[in-house]
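What follows is calculated from the coordinates using simple rules that are stated; it is not laboratory data. All of these numbers come straight from a predicted model, not from anything done at the bench. As a convention, Cβ positions derive from the backbone with ideal geometry for all residues, glycine included, and neighbour counts pool all protein chains shown.
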């Protein structure tokens, strides 16, 4: 949802958001670095952070969380899970034409492509691959061995992200060519995993380029999904201790549509409500999320709702589209939520990262935060956007994992 404060006008400033502005006006506001200054995070580490857990201590890679969200359990020590994108490449030069197949790949097409790769035998180390399509161009790839230990300490074949330890961060300027997966530590397990991942990548191109789905897409003038990009490997699911329930004395629930957020909820021991991805009918899609939110608030004391809409137009450089998505969230979710919210409820609004249309990628810019709660003294901010919230009483929160402890302290003391 967030943009850069240095942008002449941000998407939030341009959007008509009376609901979000009401939350800001009735509460306290600030800015937050979801990981820390200098980190342009992916959603997984950012969500883990804003739910109160320092990623550097708990994170094991995005792949295992994506797998868990897709219903796949990995064999720790012998399987490594990757987040994957179906992509369009030139098979000869390995030049990447589009990392997301023009966002035109249907989930059904992706399912058929994944089935053609699932169970692939890799020919060395008794290696194999499991492949599961998730939403649109997204997938999970599990590289495994029946007899040899593997390691998640390997790099990405997707050049748009690089790894700082186990955390992937967006690369501002990258060469659009498929990268070889490389070991990130000097171990046989990491070298073995990198070799198997590269074997899979090459064989996947051979299978996908001639696949009937892609032949049909070419006939329709669409980009073929003839490669699969790997990133964010991990060899185990994170163990979050103490739990949200133990730390904050809450019964937590989560509403999400994407596998990674679903996986995070499951790993955190939250009750998870999945919803169908959708932006074709915003009124219907947000009504579904609104009704589920209100239902869960009758049973649970903390409900996390992940609304993905503004991210994709940010990646596409489409400020008008991002503005429209923000307005849809406000009109169809935030405003009716405020009308029907229990009187004793608190509302916290923020973003897991910035995706400015001016950058077309995630950036390390701080995101706005607004907290509205009974007894909380407003700080005088009257609009929810990056520039207004920087004047708020919360100030600048340097790390996302510091947010919830502060929020619960404010709620319980009633002090602004």
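Stretched out straight at 0.36 nm per residue, the stretch from residue 115 to residue 222 would grow longer than its current Cα-Cα span by 36.5 nm. The gain in end-to-end length when the residue 147 to residue 186 segment is fully stretched comes to 12.0 nm, 0.36 nm per residue minus the alpha carbon separation. Entry for the stretch 65-234 at q = 0.11, 0.14, 0.16 Å⁻¹: log10 I(q)/I(0) = -0.40, -0.66, -0.87, Debye formula applied to identical alpha-carbon scatterers, no solvent contribution. Sequence-distant contacts, meaning Cα pairs under 8 Å at least 6 residues apart, place the relative contact order of the chain at 30 percent. In the stretch 183-314, the alpha-carbon atoms span a convex hull of 164 Å³ per residue. If each of residue 391 and residue 247 carries a label point 7 Å out from its Cα toward its Cβ, how far apart are those two points in nm? Each label point is offset 7 Å from its Cα along the Cβ direction, giving 3.3 nm. The relative contact order of the stretch 65-234, computed from alpha carbon pairs under 8 Å that lie at least 6 residues apart in sequence, is 29 percent. Only helices enter this figure: runs of n ≥ 4 DSSP H residues, each worth -39500 (n - 2.57), summed and divided by the residues of the chain, yield -9500 deg cm²/dmol at 222 nm to the nearest 500.
Take the Cβ atoms of residue 174 and residue 207, set R0 to 25 Å, and the FRET efficiency comes out at 0.45. The smallest convex shape that holds all Cα atoms of the stretch 80-136, its convex hull, gives 103 Å³ per residue.
Each of residue 377 and residue 75 was given a label point 7 Å from its Cα along the Cα-to-Cβ line. The distance between the two points is 6.2 nm.
Starting from the Cα of residue 299, step 7 Å toward the Cβ, then list every residue of the stretch 252-291 with an amide N under 12 Å from that point. Answer for the stretch 252-291: 252-254, 271-274. Stretching the chain fully between residue 280 and residue 339 yields a gain of 18.8 nm (0.36 nm per residue, less the alpha carbon separation). Of all DSSP-defined beta bridges confined to the chain, some 75% are antiparallel rather than parallel.
Here the spin labels are modelled as points 7 Å beyond Cα on the Cα-Cβ line, and at residue 402 and residue 236 they lie 3.0 nm apart.
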